[in-house]
1. Taking a 26 Å limit on the Cα-Cα distance, which of the listed pairs Lys256/Lys290; Lys40/Lys125; Lys224/Lys327 fall beyond it?
2. Please arrange Met211, Met379, Met30 by counting, for each residue, the other beta carbons lying within 10 Å of its beta carbon, fewest first.
3. In which sequence would Thr301, Thr168, Thr271 go, from the one with the fewest C-beta neighbours within 10 Å to the one with the most?
4. Quick check: the distance between the Cα centres of segment 133-190 and segment 343-388, to the nearest angstrom?
5. Given a Förster radius of 41 Å and the C-beta distance between Asp144 and Asp55 as r, what FRET efficiency does 1/(1 + (r/R0)^6) yield to the nearest 0.05?
Amino acid sequence: MKLLKVLKENKRAIGWSISDLKGINPLICMHHIYLEENAKPVRQPQRRLNPLMQDVVRNEVLKLLDAGIIYPISDSSWVSPTQVVPKKSGITVMKNDEGELIPTRLTTGWRVCIDFRKLNAVTKKDHFPLPFLDQVLERVAGHDYYCFLDGYSGYFQIAIALEDQEKTTFTCPFGTYAYRRMPFGLCNAPATFQRCIEKDLVLNWEKCHFMATSGVVLGHIISKEGIQVDPAKIELISKLPSPTTVKEDAEFIWTKACQEAFKRLKSLLTTAPIVKGRMENHIWLYYASKTLNEAQKNYTTTEKELLAVVFALDKFRNYLLGTSIWKKLPWFANIVNYLATGELPSEWNMETKKYFLSRAKHYAWDDPYLYKFCPNQIMRRCVPEDEQQDILRMCHEGACGGHFCLKEDFNKNSTEWILLAN
């Protein structure tokens with residue numbers, strides 16, 4: 001009921017057709033096209049279109065004229081050509097005339113685009129910050145319910161400055177026209193749209209979804225469980241047929257083991273990886289992977305492991321900056337570091353360094369063991385906690401061992417070992 005109340009109170013924010021686009025107030029947001037110095041205007045000729053594409057362009061021009069988004073113009077110094085491209089609708093696998101399965105891109109419609117590349121080349125770039133896609137996904141994932149709001153032709157709701165409208169002139173078989181509202185294809189259009197994304201945009205009711213438990217965002221499915229790959233994106237891989245002979249006279253060996261490996265490879269590529277930490281009290285927050293280039297493939301195993309560390313530190317740098325990482329170290333860690341490198345922590349004061357050196361002189365480091373000089377002129381090896389139980393078990397259960405009293409056990413072990421404890 002609360003949702004219905006909110007929708008009724010804001011029904012003017014919902015558009016049902018392109019004529020309902022009142023546009024954002026130009027005093028709040030307006031698109032400008034600033035050119036580089038000494039930029040020379042370019043008038044490009046129209047491109048040839050087949051009859052089907054001409055009908056698509058005619059319908060688009062009439063629709064935009066009726067909505068007041070474009071207007072006829074004949075004296076512009078900038079003219080860009082029109083191009084018709086198929087709308088993206090995914091890729092599937094279909095059989096050709098010879099019965100072979102081949103990847104095929106489905107076409108559900110056509111989109112009229114303006115080739116503004118000449119204009120964009122001499123346009124001063126707007127460096128307004130755009131959000132990082134991975135951070136957007138992280139921020140929106142993991143919630144119980146979602147509301148997806150889609151702007152009705154969002155770009156067409158932003159006005160173009162009057163002095164810059166003639167720069168958007170395009171030519172087609174039915175005349176030359178210029179835009180009053182911001183079209184797709186301008187290099188600074190995303191930055192302008194990001195500026196006014198919360199400024200009274202009219203929504204497309206047919207594409208809005210409320211109180212959904214999951215949905216597709218930037219090619220990924222988000223839900224309470226987290227982020228998953230959209231199954232439509234991996235459908236092509238799952239339907240990919242087994243390799244066949246390229247030429248009839250060429251021998252192609254395909255064994256049962258090859259088929260099993262091929263199926264396993266498709267499964268690994270289409271199944272979401274399950275990452276489980278070794279520590280029960282910790283959870284994994286992020287999964288990242290990287291494809292090696294030709295030079296990196298020649299690295300040794302050690303170099304590849306170091307490359308993974310560098311890649312992780314670089315990718316998650318923004319998470320590490322401004323945070324502290326605490327790890328409980330044994331009391332003898334600084335002694336070992338000093339004996340191995342001869343360096344002391346820079347944050348120590350003189351009193352701490354003096355006390356530490358008075359203790360460190362009683363120890364010796366023989367990689368990988370730490371020894372202590374005892375008063376009786378005996379060097380004893382220091383044993384960490386994870387080895388102590390094995391030593392005690394050997395003294396009790398070994399061939400030369402036995403069950404002695406506590407004092408005798410201590411005297412027997414202390415002549416050879418020093419048990420280290422945190």
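1. Where the Cα-Cα span goes over 26 Å, the pairs concerned are Lys256/Lys290; Lys224/Lys327.
2. Met211, Met379, Met30
3. Final ranking by Cβ density, sparse to dense: Thr301, Thr271, Thr168.
4. 67
5. 0.30
No value in this document is a laboratory result; all are computed from the given coordinates. The structure presented is a predicted model; accordingly, all values stated were derived computationally and were not measured. Cβ atoms come from the backbone with ideal geometry, glycine included; neighbour counts cover every protein chain shown.
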